[in-house]
1. Once the Cα gyration tensor of segment 247-293 is found, what semi-axes does its equivalent ellipsoid get, as square roots of 5 times the eigenvalues, in whole Å, sorted largest first?
2. What FRET efficiency comes out for S306 versus D240 if R0 is 45 angstrom and r is the Cβ-Cβ distance? Round to the nearest 0.05.
3. Convert each backbone phi in segment 82-91 into a coupling constant with the Karplus relation 6.51 cos²θ - 1.76 cosθ + 1.60 (shift: θ = phi - 60°), then list the ³J(HN,Hα) values in order as whole Hz, x for Gly and Pro.
4. On a C-alpha basis, how far is the centre of segment 408-441 from the centre of segment 279-319 in Å? Whole number, if you could?
5. With just the Cα atoms defining each centre, how far is segment 716-758 from segment 84-128? Give it in Å.
6. Counting pairwise Cα distances across segment 173-238, what percent come out greater than 20 angstrom?
7. Enumerate the calculated ³J(HN,Hα) couplings along segment 570-581 in order (Karplus 6.51 cos²θ - 1.76 cosθ + 1.60, θ = phi - 60°), each rounded to whole Hz, writing x wherever the residue is Gly or Pro.
8. Rounded to whole Å and sorted largest first, list the principal axis extents of the Cα atoms in segment 538-616.
Amino acid sequence: MLAGAPAVQAAVPGGERDLLWYRAPARAWTEALPIGNGRIGAMVFGGIASERLQLNEDTLWSGGPYDPHNPAATPQAVEQVRRLIAAGRFAQAEALADETLIARPRGQMAYQTFGDLHLDMRLGGGASDYRRALDLDRAIATTRFSVPGGAIVREALASPVDQVIALRLTATGTARLDVTLRFETPQDATIAAHGDELHVDGRNLPGEGIAPALRIAARIAVTSEGGVVRTEGVRLVVEDARAATVLVALATSHRGPSDTSGDAEGEAAHRLAAARNRSWAALRRDHVAAHRRLYRRCGLDLGPPSLLPTDARIAAAAQADEPALAALYFAYARYLLICSSRPGTQPANLQGIWNESTAPPWGSKYTININTEMNYWLADPGNLGECAEPLLRLVRELALSGAKTAREVYGARGWVAHHNTDLWRASHPIDGPAWGLWPMGGAWLCNALWDRWDHGRDDAWLAAIYPLLRGAAEFFVDTLQPSPAGLVTSPSISPENRHPFGASVCAGPAIDRQILRDLFERTADAADRLQADASFARQLRDLRSRLAPDRIGKAGQLQEWLEDWDEAAPEPDHRHVSHLYALYPGRQIDPDRTPDLAAAARVSLERRGDQSTGWATAWRIALWARLRDGERAHRILRALLAPARTYPNMFDAHPPFQIDGNFGGASAIAEMLLQSGGGALHLLPALPAAWTQGRARGLVARGGIVVDLAWRHGALAEARLVPMRAQACDVRLGQAMRRLALEPGRAAVLRGPGLDPA
Ligand code: FUC
């Protein structure tokens, strides 16, 4: 406990607080509980007579390496579209772009399920005292129920150490295990039994006319204590056992966006064999330790949790506010990030790694006009910076395909990516111009990579991202267009909103200019820090100053487009709030530094309304937090936690399930408690009255400062700042301000409300 901290239970994870639990098995997939090690994962249904583990592997996507270039997509075609836009012939420009600029195929590949492992259990009578739970601190899903003579307990985990999904079944008292295991998959694979193993071998599925190029392999073993294991056709049967351990290894032959030469069978077999040599106790112990190394760094306590099961807490959230549910939502998002994105894995896609379909919504891809970026908003504030490593590799790969797109489609240097990408790192405009003709996806990702640096201040990270930022900026050096207001992008869109002239395509939407201001500034700063490319840095700073500025429209709103079109746009409450990028996640607009633009952003937010899809709701919460309106942020957060936006397993409901809402919602909660940037820390900037007392531990601020906060009666009790490096920092609380000289590793402790040094 911090000295003088309020007498609320410390935010130390590991107690009942870090638990999702239920009184009945999952019927729907969105009631099942996710486990994952970043690469492989499962949804655990917790059935009684029949358990289902729906399995995923993060490189199992449809198709194979492909070149989506449309031969009609040339610099000349771009120029024609540009000219039609300049002439105000937007619908015509959009129709031409649809014919000439959209990729072939028009869609991208989909992330897909590996299949299901079913365990059919013969029970010696009816089950009672049922309970299933997901322990976020151990990353173990447990199902437990009584049967005549004893109980059956099943524990499931996805180990980042042993790279297997493991399921431990135990029977207590006189109860015994009688279980049949069978595998089902929609993939193009055969299933065979070999001794006490099932082998699944085959290939992935085609997508959008692209041939499948991946080998896929699963190796499943079961061992028992007491009893016997035998095969029955292509099933494994466990009879009369006291305990059994099921191990699942999954692999594909994916090695990179243009390399599918991996040895899926060998890899799965190797991982299974290695895991088979380890005891359940050792496997479980190492798994829990590896998970806790990340999970335990940060936590929130907003008061005592309700004693109801999790689904009942979510159901009640619509009527009564339970602050502890927001703390659980935050903990769960951190859990989900650890389980879906670890160094060396693929980044979290639209569903993290959990997807039961071969045709999931939006292909469960990487949508990079908000969703993938939102997936990583929590990483740094939530003290999980290394979980963003997969994003760096994705951008590196995307920059290679994106250089080809830049050259072929735009005749430009550098690289460009549009609004979506997939495992194969396709970078062309897809779907149609109203969604796909947005050249900013790569630039936004670069800004996210920079933000990772700003939080961690790791020189190696800066050196790694600089060439990517440089290439992203170079594309715009070559393609920016003059306009009376200043330099603009064209063709583009304001994601995915239609303007009043029967189209989405336009020149110079606000978000593009805002993203470019960040990209140019950060690339130039990175060049300075690395003592590289001085003249390029000068050029970028010059271009930045010539970008068309943000403008306030006649309704007092921040203009979404270059012209004042907002009021006549057909969807005033559109889910995307792209033009507010500059307020969040960007930092260009701020109530103190740019009060007029902040006021205009507020008008825009009011016009858009509070109700939207999951991710769009989460974004609105963060935006209100940046406007320091804790009550409004809290009101919208309550709507996010209610059943319309949160499934019983706490997955975000777009609907359907999309994981960005979980990550965005949690990062918005962090933003209500701590904001940082430009050498300043703002403590409790948007604390709602409902969170009367609480604690936050291990939040990370820009500059590399780890922050613990405790407050009571709505006022700061104590703040503890531990910087990773020496720096001067302005700490702010309400109107109080204190300038601190922070020294690495030395805690600075301040007491509120006057920020007095302890
Ligand atoms: C964008 C959003 C949708 C959805 C999709 C995956 O197109 O506009 O709401 O989140 O991405």
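1. Value: 26, 15, 6 Å, ordered largest first.
2. 0.60
3. 4, 5, 5, 5, 4, 8, x, 9, 5, 4
4. The distance from the Cα centre of segment 408-441 to that of segment 279-319 comes to 39 Å.
5. 47
6. 40
7. Result, rounded to whole Hz: x, 10, x, 9, 4, 5, 6, 10, 4, 5, 9, 3.
8. In descending order, the Cα extents are 43, 24, 21 Å.
Just so you know, all these numbers are worked out from the coordinates, no wet-lab data involved. Keep in mind it's a predicted model, so treat the numbers as computed, not measured. Counting neighbours? That spans all protein chains shown, and the Cβs are built from the backbone with ideal geometry, glycine included.
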